[in-house]
Amino acid sequence: MKIIVTGGAGFIGGNFVHYMLEEYPQDKIVCLDKLTYAGSLETLESVMDNPNFKFVKGDIADRPFVYKLFEEEKPDVIINFAAESHVDRSITDPDVFLQTNIMGTAVLLDACRKYGITRFHQVSTDEVYGDLPLDRPDMFFTEETPIHTSSPYSASKASSDLLVLAYHRTYKLPVTISRCSNNYGPYQFPEKLIPLMIANALNDKPLPIYNKGENVRDWLYVRDHCVAIDLIVRKGTVGEVYNIGGHNERTNLEVVKTILKELGKSEDLITFVTDRPGHDRRYAIDPTKINRELGWEPTTLFDEGIKMTIKWYLDNKSWLDNIISGEYQNYYEKMYGNR
Ligand code: NAD
Ligand code: DAU
């Protein structure tokens, strides 16, 4: 099987590439990535010489380029991780989110129609369901929860989901969609909560928590997400949506305190800052469908996964330092300078 993995130089796509090359030595992986600020070839360094792996730099929204790639590679399966993925950036600059997340997905779908594939899998997010109240711990997102987006990021992801489903219904394209909760683990860009807090704590910088830190996320160790996507692609039902998450809910304040404790740093580093506009209160996934139909369940609980993640950042300090030392400083100043 030949698989095009888009966005494979990013966090989850990168972890997926490593996972697939380890698990399926008979398969070929072609990684298509634009190498935006969020993509890094360092993430793929250890697989660059693998004969079953090929890296191609390009934009999923560049139609002639994508068609040529399909013509040359003749892939069986496309797994679309490529996206602009950070909510805060979508609030300050929505345009690129529409271009990559919606137009880019449309181009990939058209290429799949034109050249034929056995599966197009869209890596989506639980953010398409909006949020849940903090005082209703009995409520969870199921696949039937209505789409109700909050940020330009989630609106762009919901739009691409709708396109994917439309191409299935109208053109019978063999698609699947997964909607996962918050991931954490190796290679996550330090704009997201967990790696940002680890990076700041390591450098004794203030840890900026939005509002009072009461918002809740449902954390999933990235490898569990990779296993779930692989299962859906191989055994999932065409045309279906699968939620992925593992009942590991934590408030942001709890997450940050855990990181500080693990690193032996003082809670005095915590700083409460102005809230994110439109900030979603709580995400929580009901994974009954993927568990019942495909037998998936998470294997790493948060208390263990966060230790593994912190250890990875300590062991791979140069990966983190290379990001923090560049353009990231301007981003950080813009987002947090006057907050
Ligand atoms: P990321 O920002 O770490 O990586 C995105 C990758 O896509 C980068 O390598 C980037 O260079 C590439 N890319 C961006 N625009 C591109 C374009 N136009 N053409 C080709 N490549 C492009 O993102 P991530 O956190 O790894 O998320 C991957 C996917 O999973 C996204 O679709 C995201 O919506 C979804 N998702 C993320 C989470 C999470 O917690 N991070 C949870 C659920 C779903
Ligand atoms: O649920 C899946 C989604 O999870 C993915 O679709 C997104 O791509 C991914 O970025 C993530 O979205 P969030 O907005 O939940 O993740 P983020 O890491 O940006 O923030 C997590 C929580 O932490 C959120 O409540 C905001 C808060 N936060 C975040 C940052 C960066 C802070 O309090 N301070 C911060 O500096």
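The values are calculated or read from the model by the stated rules, or taken from the named source; none is laboratory data. These numbers were taken from a predicted model, which means no experiment stands behind them. Glycine also receives a Cβ, built like all others from the backbone with ideal geometry; neighbour counts cover every protein chain displayed. With ligands, DNA and RNA removed, areas are computed over all heavy atoms of the protein, side chains included. Shrake-Rupley method; radii C 1.70, N 1.55, O 1.52, S 1.80 Å.
Observations
- Taking each residue as 0.36 nm, the span from Q26 to H279 lengthens on full extension beyond its C-alpha to C-alpha distance by 86.7 nm.
- Treating r as the C-beta distance of K57 and K114 and R0 as 22 Å, the FRET efficiency rounds to 0.50.
- Dipole magnitude (debye, nearest 20) for the stretch 1-105, charges at Cβ of Lys, Arg, Asp, Glu: 240 debye
- Long-range HN-HN contacts of I209 with modeled amide H, under 5 Å: T271, F272, V273
- Proximal charge balance of S181 [Cβ under 10 Å; K/R count +1, D/E count -1]: -2
- Filter on K265/K311; K311/K334; K212/K265; K205/K261; K212/K257; K68/K114 - keep pairs with C-alpha separation over 18 Å: K311/K334; K212/K265
- Added length on full extension, which subtracts the Cα-Cα distance from 0.36 nm per residue, T271 to D49: 75.5 nm
- Cleavage-rule hits, GluC sites (Glu not before Pro), the stretch 173-251, DSSP coil, Cβ neighbours within 10 Å at most 15: E214
- Potential lengthening of the chain between R339 and Y171 amounts to 55.7 nm, from the contour at 0.36 nm per residue minus the alpha-carbon distance.
- Per residue, the accessible area of the stretch 63-201 comes to 37 Å², computed with a 1.4 Å probe over protein heavy atoms only.
- The chain: translational diffusion in µm²/s, Stokes-Einstein, Kirkwood Rh over Cα pairs, 10 °C, 1.306 mPa s: 78 µm²/s
- Cross-link partners of K289 among lysines (Cα-Cα below 20 Å; sequence separation of 8 or more within a chain): K235
- Contact order normalised by residue count of the chain, Cα under 8 Å, 6+ apart, percent: 17 percent
- Value in Å of the Kirkwood radius, where the stretch 192-248 supplies the Cα pairs that are averaged: 14.3 Å
- Among beta bridges identified by DSSP and lying wholly in the chain, the antiparallel ones come to about 10 percent.
- Within the stretch 99-151, the GluC sites (Glu not before Pro) that combine a DSSP coil assignment with at most 12 other C-beta atoms in a 10 angstrom radius are E144.
- Note on the stretch 1-128: with neighbouring protein chains present and a 1.4 Å probe, carbon and sulfur make up 51 percent of its accessible heavy-atom surface.
- Residue ranking by accessible heavy-atom surface, 1.4 Å probe, largest first, among T118, T299 comes out as T299, T118.
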